[in-house]
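Written below as C-alpha cells is the structure these notes are about.
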Amino acid sequence: MIKAGWRSLLVYGCVAALCQPLAACGSAENGAASTKEGPASTKTAAVPADAPLVIAFGDSLYAGYQLGPKEGLAPQLQAVLAADGVVARVQNAGVSGDTTAAGRQRLSFVLDNAKVKPAVVLLGLGGNDMLRGIDAAQTRANLDAMLAELKKREIPVVLTGMMASPNMGPDYAAKFNPIYPELAAKYDASLYPFILDNVVTNKALMLGDNVHPNAKGVAVMAEALAPLVEEELPGAD
C-alpha cells in the first residue's frame, strides 16, 4: 500500500510519539500560508498569466513551515515542472495546523477565490488528525467530502497520503491507513501514498523538530509529485 519500508515506519513512529503532545504539523499561527494566489517564487522565468493553475491544499507539510519563500512545496514544485518543460502556476494553499475538518471548512473559499479554475488540486491533509488521535472515521468523512466537492467541480486531484505511526496501535492503523487508497480509488484520484516517503527517515532532509522537512526534503517531495501533477494537467498524454 505504501512506498516506505518498515524502517521508515519505525522511525516515523518514534518521531510521532515524541511530537504527539504538540498535535504536530505546526500551529495556525506559525508557518501558515496565505490562501490567496501570489506571484511566482521560483528560480525560473515568470509564469504566463494564462498558465494552468495548480493549488497545493494541505497543512504545514505543504505550507513551507519555517522555510523561506522559495523553499516550500508550491514554489519548488513549480520549479520542477518548469525544469520538465511544463508551464504551470502552483499556488500555496497550505495552512500549518490544519486538520481535515479545518480543510473541509475552507476548501470552497479557496476554490471560489482562485483567479481561474484550478487545473489540478493537490490534497494533503490528515497528519494532524492522526497525531491528535481524531477518530479515523471523521478523517475519512472529511476527506471524502473534499474529494466530492472537487469532483463536482470537475477538478482533477493528486491525493498525498499519510501513515498512522506505529505507536497509535494496530487498530487505529487498520482504520486510518486504508483511507487514502480507498478514497483515491473511489474518486479516481491520483495517489502518492506517503507524503514523507524517502524524507522522514533521513535527518539531512528534516528540520530540527524531526517532523517537518527542510528545503532539501521538500525538494525530494516536489520531484516525486511532479510526474503525477504533469499527468493530470491539460494536454497530458
Note: among Ala45, Ala51, Ala23, just one is of a type in the set (Gly, Ala, Ser) and modelled with pLDDT of 95 or more, namely Ala51
Between a residue in segment 59-82 that is more than 26 Å from Arg104 (Cα to Cα) and any residue that is of a type in the set (S, T, N, Q) and buried (at least 24 other Cβ atoms within 10 Å of the Cβ), which pairs come within a Cβ distance under 9 Å, given they are 6 or more apart or on different chains? Lys70/Gln76
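Return a yes/no flag: does segment 212-223 have any residue that is closer than 20 Å to Met130 by Cα and touching a residue at least 24 places away in the same chain (Cβ under 8 Å). Give the derivation first.
First, the residues of segment 212-223 that are closer than 20 Å to Met130 by Cα: 212-213.
Narrowing further to those that are touching a residue at least 24 places away in the same chain (Cβ under 8 Å): 212-213.
Looking through segment 212-223, at least one residue is closer than 20 Å to Met130 by Cα and touching a residue at least 24 places away in the same chain (Cβ under 8 Å).
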It is to be established whether one or more residues within segment 149-160 are touching a strand residue (DSSP E or B) at 6+ places or on another chain (Cβ under 9 Å) and either modelled with pLDDT under 95 or part of a helix (DSSP H, G or I) (or both). yes
When you go through Asp209, Asp171 one by one, which is the residue that is over 27 Å from Leu53 (Cβ atoms), among the charged types (D, E, K, R) and at pLDDT below 95? Asp209
Determine which single condition Thr100 fails, assuming it passes every other condition in (1) in contact with a helix residue (DSSP H, G or I) (Cβ under 6 Å, 6 or more places away or on another chain); (2) modelled with pLDDT under 95; (3) of a type in the set (S, T, N, Q). (2)
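Of everything in segment 203-237 that's of a type in the set (D, E, K, R) and either out of contact with any Asp or Glu (no Cβ under 9 Å at 6 or more places or on another chain) or more than 18 Å from Gly124 (Cβ to Cβ) (or both), which residue is surrounded by the most Cβ atoms within 10 Å (Cβ to Cβ)? Even if it seems obvious, please write down each step before you answer.
From segment 203-237, those of a type in the set (D, E, K, R) are 203, 209, 216, 223, 230-232, 237; that's our starting set.
Then drop every residue that is not either out of contact with any Asp or Glu (no Cβ under 9 Å at 6 or more places or on another chain) or more than 18 Å from Gly124 (Cβ to Cβ) (or both), which leaves 203, 209, 216, 223, 232, 237.
Working: Lys203: 12, Asp209: 14, Lys216: 14, Glu223: 15, Glu232: 19, Asp237: 4.
Going through the qualifying residues, I end up with Glu232.
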Meets criteria (in contact with a helix residue (DSSP H, G or I) (Cβ under 8 Å, 6 or more places away or on another chain), closer than 26 Å to Gln138 by Cβ and either in contact (Cβ under 8 Å) with a residue 40 or more places away in the chain or not hydrophobic (A, V, I, L, M, F, W, C) (or both)) for Thr160: yes
Whether any residue in segment 11-18 is closer than 20 Å to Met146 by Cβ and either of a type in the set (A, V, I, L, M, F, W, C) or at pLDDT 95 or above (or both) is what I want to check. no
Search segment 94-121 for residues that are on the phi > 0 side of the Ramachandran plot and pair each with any residue that is crowded, with 18+ Cβ neighbours inside 10 Å and not basic (Lys, Arg) when their beta-carbon atoms are under 6 Å apart and the residues are at least 6 apart or on different chains. Gly97/Gly26
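Of everything in segment 121-136 that's buried (at least 24 other Cβ atoms within 10 Å of the Cβ) and hydrophobic (A, V, I, L, M, F, W, C), which residue is farthest from Ala222 (Cα to Cα)?
So the first thing to find is which residues in segment 121-136 are buried (at least 24 other Cβ atoms within 10 Å of the Cβ), and the list is 121-130.
Still in the list and also hydrophobic (A, V, I, L, M, F, W, C): 121-123, 125, 130.
Working: Val121: 14, Leu122: 11, Leu123: 14, Leu125: 16, Met130: 23 Å.
Looking at residues that are buried (at least 24 other Cβ atoms within 10 Å of the Cβ) and hydrophobic (A, V, I, L, M, F, W, C), I get Met130.
The values are calculated or read from the model by the stated rules, or taken from the named source; none is laboratory data. The structure presented is a predicted model; accordingly, all values stated were derived computationally and were not measured. Methodologically, a virtual Cβ is constructed for each residue, glycine included, from the backbone with ideal geometry; neighbour enumeration extends over all protein chains shown.
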